[in-house]
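Report on the following structure.
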Amino acid sequence: MILVTVGMQLGFDRLIKSMDEIALSLDMPVIAQTGIGEFKPVNMEAHDRIAPDKFEALVKQSQLIVSHAGIGTVLTAQRFQKPILLVPRRADLGEHRNDHQLATASNLHGRPGILVAMDEAVLHERIIEGLAMEIAPSVRSESSQRLHQSIAQFIDTGRL
Amino acid sequence: MLLRTALERYDTHFATTDGDIAVQHGIKGASLLPDCNQNRPFRSAWCGMVALWLVLRLRPDVVISTGAAPGFFCILAGRLIGAKTLWIDSVANGEKLSMCGRLSMTFAHECLTQWEHLASEPKPAYRGAVL
């Protein structure tokens, strides 16, 4: 199953519409949390909002998460070791107040388990990549290891 | 919670505003702090007192907070008892440091951002991120 989420606060019809089209050609179910968008999907199961505990259960069952570039979802995906494909919201299309999601997406691009589709034209091929992606359990990124070491050093010496 | 493994070899006590999260991650005996923010002054004052009481009671050598206001109060209380204090700004703050993060540059011994482009001299420092 592929889980699509654009958070609960804002709609993101561009992503939901593209996913609805792509869902037709995928041989697996797609479940979407659509937020308060206007577009009503026909090829995938859609909910305006999914309660956090249900959402977590769906994450566990999913093979891939397709999401707006929200840090919360990225952390959830990492917690359950699921690959995540990020599609950043764009301010010029009225999808958010500013372009911080573009910044987030380019910052996270290339980290283990994270894929980015800067626009919907490449969404389908990234999904195929994401579905083929294996995340080795308990692999901690270099950046995370560094943070852990730094914290331990602070505890031991009082310096970072 | 994502930083727990860094703390495994120390005697650690967790405080959270959401007991369910602690339970979900298999942590027993976590202390509860009332949730608060700058828009709720009375609740913030209450939270500050609960945090102070907790820190006075436990006398930790080190106080580490990942946010938000309740954690910041623990840092302040930590300073009062002479603990080493570290603020780790949430990875969610990729555009600018949180308000408590900015305050922590003054009040905590060390302050970390999880975004390299937000780091500056002398604080906040960047030493990696949970991602």
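FYI, it's all coordinate maths here, none of it is from the lab. These figures come from a predicted structure and were not determined experimentally. Cβ coordinates were reconstructed from backbone atoms using ideal geometry, including for glycine residues, and neighbour counts include every protein chain displayed.
For the reader, a short list of remarks on this structure follows.
- Distant-in-sequence amide contacts of residue A:64, defined by a placed amide H-H separation under 5 Å and a gap of 5 or more residues or a different chain, comprise A:3.
- Debye log10 I(q)/I(0) at q = 0.12, 0.13 Å⁻¹ for the protein assembly as shown, Cα point scatterers: -0.83, -0.96
- Scattering curve values for the stretch A:14-119, log₁₀ I(q)/I(0), Debye with Cα scatterers, q = 0.10, 0.18, 0.22 Å⁻¹: -0.27, -0.94, -1.40
- Under the span-like rule (Cα at least 15 Å along the axis, Kyte-Doolittle mean at least -1.0), DSSP H helices of chain B: B:41-58, B:69-80
- Taking Cα atoms only, the orientation of helix A:52-61 departs from the longest principal axis of chain A by about 90 degrees.
- If the convex hull is drawn through the Cα atoms of chain B, its volume per residue in Å³: 111
- Applying a 4.7 Å Cβ-Cβ cutoff to the protein assembly as shown, the cysteines left without a disulfide-compatible partner are B:74, B:100, B:111.
- Helix-derived mean residue ellipticity, 222 nm - over the protein assembly as shown, DSSP H n ≥ 4, -39500 (n - 2.57), to 500: -12000 deg cm²/dmol
- Euclidean distance between Cα centres, the stretch A:101-153 to the stretch B:1-21, Å: 24
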